[in-house]
Structures are given as structure tokens and as C-alpha cells.
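The values are calculated or read from the model by the stated rules, or taken from the named source; none is laboratory data. What you see is a predicted model, and the numbers here were worked out from it, not measured in a lab. With ideal geometry, Cβ positions are generated from the backbone for all residues, glycine too; neighbour counts draw on all protein chains shown.
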Protein chains: 2
Amino acid sequence: MKILVTNDDGIHAPGIKFLAEALSELGETFVVAPDRERSAVGHALTLHHPLRAANVALNVFAVDGTPTDCVNLGIHCLLPFKPDIVISGINRGGNLGDDITYSGTVSAAMEATLMGIPAFAVSLVTGGEGANYPAAASFAVKLASMIVTQGLPVDTFLNVNVPDLPEGSLRSALITRQGKRVYEGTIVNKVDPRGRDYYWIGTADLNFLAIEGSDFAAVSRGHISVTPLHTDLTNYNSFAQLNSWNLT
Amino acid sequence: MKILVTNDDGIHAPGIKFLAEALSELGETFVVAPDRERSAVGHALTLHHPLRAANVALNVFAVDGTPTDCVNLGIHCLLPFKPDIVISGINRGGNLGDDITYSGTVSAAMEATLMGIPAFAVSLVTGGEGANYPAAASFAVKLASMIVTQGLPVDTFLNVNVPDLPEGSLRSALITRQGKRVYEGTIVNKVDPRGRDYYWIGTADLNFLAIEGSDFAAVSRGHISVTPLHTDLTNYNSFAQLNSWNLT
């Protein structure tokens, strides 16, 4: 099996090291990851300047771009083969609910999907540094093996969230839906040493709604959450209402 | 009516000027937009460094961040009121099919939706500079007025694509689904003046699939395309297949 691994916490993050090492038991593993943390960059693609890729170790490239750039560059240019699967993570912190739309980790798996390669993102749900990357890596190995054997549903990639628990304490994997958060963003507005205003986007309170069957509901009860995602954002349920508008 | 206008082509782009001017007939219009072009940045949010907002004209702010930053900062900090609607555009070039996942323009409307404010993105489908911004702006005014009167379906925002045609030649607005593209990305790999490799993500061929009822099908026949989107990426159709896997 040929595997491409990336992330958005950057190439030096512990999660990607645990992940790549665990996956190497399944086959040849290449790492192409951002040279620094690139969290919350969404599905950003760098078009306006060139990218550099430093071959920092055997089969390991550090790219000065986004996770989406890494997948794009890895598949089209850096890897000597087309990978059988792309795996993004292990992210430090969960990727749950609408937050996935900001996530570089999840967007990397989306990018692979757009290129026709099976993919999933995997995140460790922790508020701190994370203690149980090995347990999450072990589940990722099992899932990767399953995906390559069974195939993913068409145009579908998976968003996996693993509670930060030892392997023996993790509860079963559940197929879940994307949850929903109430956003209460805050901006920190301060004045710099030269008297000019600056603004810093602050942390929002994590107000997830209690939705049965959601990713958040699963991990909050100690289950591994596996959410099937696709790139079709169309809200088909709204067609009737909108067609009743007289737009022309 | 209170209106926030943003884009991803940057504050100096012609599209946003036509849009803001046309919308000012509906109510008080604020512009908060990136200080330079920020195309293809997706739903990126700047968390790792502070943002600056220059008040460059009455009710006009230039921000050194992404379109998503602009909406976030505009709503939480810069505007003296909560807007009734957020409108992003007029983008130079269509935002069609899976490409919307990369789009800063569309992501700005998504950001407003996550904050509970009705929103839409509007793009002029052109391969060049674009000749008919006024026609697209005129449709945006009509749509904004309709949205504030009727309300949007819950959790839904609209992705509008207007063919680059004079107002009299535009065909009716159709409610469409997100289309699908076949990606054939290319990377330009060259050597810099100091002998080091660099990589530049190239333009992909625009191979849209002929899908009846899609955004692409509508604009290719001269219709205005209005696609209702939501932030739920869950592929519900794949649950049965995935639940049959033995994941634990």
C-alpha cells in the first residue's frame, strides 16, 4: 500500500509522527506537510507565489504552504507514485461540527478526494497537548486498511475524531453526522507599542448543540466518531422554497 | 437596511465598487474587504497573528486578512451595527462546482451564515476582466431585497453566478445544484536564479461535467445561477454502507 500523510499542525507536530510511524506497517509512507503550524487555513490553495519543498528526511517533505498545497504538490510532483490513500493528522484538538469548514486537516482530505484518491482526516479530541496519539494512530491504521480493502462510498471522505483516552478505554466507532456549534466569537482589540490599533481573533466558546447522532455527541461519550463527508454543499431541501421566489 | 460588503479580489477590485454602489440604494452600506487579492484562500481564518484594519474612506475598511477575517472583524468589531445581510463579490470569474470549496468569496458568505446573518456570494462568469459588473450588481440588489423581505431557508446561503452579458441579454435566474469538475491540476516546477527548485500550482483545465440542473449548466446557457448552500458536509447517503463495516 502507498500512503501520503499530511497535517495542519506542521511537520514537527507529534501527531503526524505517531501517524506516519504507525502507518508504515501497512506500506510505503510519504510525509508531505507544512513547515509550520497552518491551523484554520481551510481549503486554501497558494496561487500567488511559488512553493518550496525541502526534502528533510527519507520520504519526508516540508512545504512552505497550506495542507491543501501539500496534497496537491505531493500527488502531482513530489511522490514517485500515485498514493492509494491520503491521511491527514493526527490533529491536536478535535475537528467537530461546523468548525471543519475552517480546518486545514479536514481540507487536506477534501483535496485528495477532489483528485479521486480515498482519504480521511483524524483528530485527537483534547484541550491540551494530547496524551493518547498512539491509540488514535492505531485506529487510523485499522481504518486505512479497511478503506483500501472495501473502498469508500463515491465522492466521500471521512472525518475521524478520537477521544483522548487510552486504547482500552475508547468506546466503539460510530458513524456520525456533522454537529453544530453556536458561535460566540470574540475579537481582542489592543494598541501596539506605536499607538496603532490591532485586532486578534479570539477563541470562541465551544457551544456545541446536543444533536443526537452528531460527531460531538459521540466523542463526548467516549466513542470514536467517523463522519462521512462530501464536497457537495447544495442544500437540496431548500429548492421548493427558493423556486417559489419570483427572481426574474 | 444595513449591509456589509466584502470580497476576495481585494478592496481595489472593480466588482466590489460596482456592488457597494448599487447596494447603497437599499440602505447603509459598509465595505470591509482584504487590502489585496486573496483568491483561493477558502474559509481561512487568521489566528496566529493580529490583523490591521485601515479606515480608508467613509464606511470602507481595508483589512490585511482573508475574506473570512473581514466578515468576522466587521461584524464583531468594525461595524456600528449588526448587518441585516452580508454580500460577497462581485467576484471576477465564476465560482462553480467543487471550486467553491477553495473560494474566499463563497467562504465569506459561509462565515456570515455561521454567525446567523443572511448572506450570498455573487460572481461574474468571465475569463477576462469582466465587462458587465453593472448587470450582476443590479441582480444582487434585487436578490438582497428579496432575502431581507422573505428570509432565507434555515442555515442556507446562496452562491450566485451571473454570465458576463449585458442586462438585456441575461436569461432568467435558475435555482441550481453545485456542479462537478474533473481536476487535472498541473504544477510548474522551475529553478530560481540561485539554482533552487520552486513549484507553482498551475491552472487546471475547466472540465465541468454536464450535469442537468447544475450551476455550470445554467450559466453556460446564459442563465443566472442561484445555488442554495449549507455548511453541513455530511454525506447521509453513505451511512448504510459505512455502518456495514466492522470498525470496532
Query - Odd one out for B:V219, checked against (1) without any contact (Cβ under 8 Å) to a residue 12 or more places away in the chain; (2) more than 7 Å from chain A (Cβ to nearest Cβ); (3) out of contact with any helix residue (DSSP H, G or I) (no Cβ under 9 Å at 6 or more places or on another chain) - result: (1)
Requested in this report: Test A:G10 against the criterion of being small (G, A, S), part of a loop (DSSP other than H, G, I, E, B) and within 7 Å of chain B (Cβ to nearest Cβ), and give yes or no.
Outcome: no
Query raised in the report: Could you say whether any residue in segment A:177-193 is part of a helix (DSSP H, G or I) and out of contact with any helix residue (DSSP H, G or I) (no Cβ under 8 Å at 6 or more places or on another chain)?
Result: no
Query raised in the report: Which one is farthest from A:D99 (Cα to Cα), of the residues in segment A:111-155 that are touching a residue at least 24 places away in the same chain (Cβ under 8 Å) and charged (D, E, K, R)?
Result: A:D155
Requested in this report: Could you please give the count of residues in segment A:24-45 that are buried (at least 18 other Cβ atoms within 10 Å of the Cβ) and at pLDDT 95 or above?
Outcome: 8
Report summary line: Considering segment B:64-85, residues that are in contact with a strand residue (DSSP E or B) (Cβ under 8 Å, 6 or more places away or on another chain) and more than 14 Å from chain A (Cβ to nearest Cβ), and then whichever is surrounded by the most Cβ atoms within 10 Å (Cβ to Cβ), we arrive at B:P83
Requested in this report: Report whether or not A:L143 is more than 29 Å from B:G116 (Cα to Cα), more than 9 Å from chain B (Cβ to nearest Cβ) and surrounded by 18 or more Cβ atoms within 10 Å (Cβ to Cβ).
Outcome: no
Report task. Scan segment B:94-131 for residues that are away from every other protein chain (no Cβ under 11 Å) and over 18 Å from B:V5 (Cβ atoms) and report the count. Result -> 8
Report task. Can you tell me which residue within segment A:168-199, out of those that are aliphatic (A, V, I, L, M) and loosely packed, with under 13 Cβ neighbours inside 10 Å, is farthest from the other protein chains (Cβ to nearest Cβ)? Result -> A:V191
Requested in this report: Report yes if A:S39 is without any contact (Cβ under 8 Å) to a residue 24 or more places away in the chain and under 26 Å from A:A131 (Cβ atoms), otherwise no.
Outcome: no
Report summary line: Exactly one of A:V5, A:V32, A:V60 is among the aliphatic types (A, V, I, L, M), away from chain B (no Cβ under 14 Å) and over 13 Å from the mean Cα position of the chain (by Cα), and that one is A:V60
